[in-house]
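> Quick one: this structure, given as structure tokens, is what I'll be asking you about.
The values are calculated or read from the model by the stated rules, or taken from the named source; none is laboratory data. The model shown is predicted, which means the values in this text are computed figures rather than measured ones. Cβ: placed from backbone, ideal geometry, glycine included. Neighbour counts: every protein chain shown.
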Amino acid sequence: MRVSAYILVGDPNHLRESVASYYDHVDRIVLSYDETSTSWTGTPLPVDECLATIRELDRDGKCVDVPGRFARLDENPLDNDTFQRQSALDAASDGADWVVQLDTDEVMLDPAQFFASLRRADATGTSGMHYPARWLYSRVAPGRYLEGSTRFWRPAASYPGPLAVRAGTRLRQARQADVPLYRVDLRPWNTDPFHPHKTVVHEVIRPESAVLHYSWVRDHDTIRRKFGWSGHTHDYSRPVVYRRWASRQRHPLRTVVLNPLRRRDWYRLVDVAEPKAAAS
């Protein structure tokens, strides 16, 4: 089974740790970036900084540059997101059976488990693998994070889309695809509040083997820039989104204690080993 990956180059936060976590397990990595270093919303991106980091890691010459024009400012940012991902997925599909779709702020905690699950997904004939991500919302102390959870503080999975798809898959929106999915979760039933409880789970893994998503782990200036370049910028640009994020940053313990009073958006405090990148 030949496995490729693609990277949307533009966000240096956790980039080194993300690529290093799966580099040894894939045959080829497509580097997709806008050749003008411009985001889907028209803001500048530190593409050169990100490429320099990747060059340091690419000791086996697996990475292939595939630049393009993705800052189509007359289009919806989320459509631009999907357009770039599809372009990258098409390029990564060449000569591959499966393509990993990991964003650069996502880190595999247990790549051996991830790729073992992918082999089982391949054997079932499904076309995508829903693999659980644990969302981290802020770093409250060294090695201590505010993490998304169930209402009563148990680990919860998140699925931004299949983290691996068969080569040639057509994406519907961002990483989402309307294909048969092999579902990996943290318990024998669905733990994601955004999916139906009856969702079928094919495999259960430990929370320590999930993918860590550092999407919201940023300082104040960086989170504002991320809100500006994201495909979801129309949602993130609402002032209440930043205010809620800042409140969680200031009052993590209060945020956790008040879980039972909220209908969703629940959190817990967890200790997480700081990710380390492999030496180049």
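> Select from region 63-90 the residues that are of a type outside the set (V, I, T), in contact with a helix residue (DSSP H, G or I) (Cβ under 7 Å, 6 or more places away or on another chain), surrounded by fewer than 18 Cβ atoms within 10 Å (Cβ to Cβ) and closer than 25 Å to D27 by Cβ and list them in ascending order.
G68
> Look through region 92-142, keep the residues that are of a type in the set (K, R) and in a strand (DSSP E or B), and return whichever of them is farthest from A210 (Cα to Cα).
R139
> Being surrounded by fewer than 22 Cβ atoms within 10 Å (Cβ to Cβ) and over 29 Å from Q86 (Cα atoms) narrows it down to one residue among R175, R139; which is it?
R139
> Give region 1-25 a look and list any residue that's surrounded by fewer than 22 Cβ atoms within 10 Å (Cβ to Cβ), under 27 Å from G125 (Cα atoms) and under 15 Å from the mean Cα position of the chain (by Cα), or say none.
Correct list: Y22 only.
> Among the numbered conditions (1) at pLDDT 95 or above; (2) not in a helix (DSSP H, G or I), tell me where D48 comes up short.
Going through (1) at pLDDT 95 or above; (2) not in a helix (DSSP H, G or I) one by one, D48 breaks only (2).
> Scan region 232-280 residue by residue and report those that are closer than 24 Å to A174 by Cβ, modelled with pLDDT under 70 and under 22 Å from the mean Cα position of the chain (by Cα).
Once the filter is applied, which keeps residues that are closer than 24 Å to A174 by Cβ, modelled with pLDDT under 70 and under 22 Å from the mean Cα position of the chain (by Cα), region 232-280 yields H232, T233, H234, D235, Y236, S237, P275.
> Related question: Sort out which residues of region 153-171 are assigned to a loop (DSSP other than H, G, I, E, B) and either under 14 Å from the mean Cα position of the chain (by Cα) or more than 20 Å from V204 (Cα to Cα) (or both), and write them in order of number. I'd like the intermediate steps shown before the answer.
Initial filter on region 153-171 (assigned to a loop (DSSP other than H, G, I, E, B)): 153-154, 156-157, 159-163, 167-171.
Across region 153-171, the qualifying residues are A157, Y159, P160, G161, P162, L163, A167, G168, T169, R170, L171.
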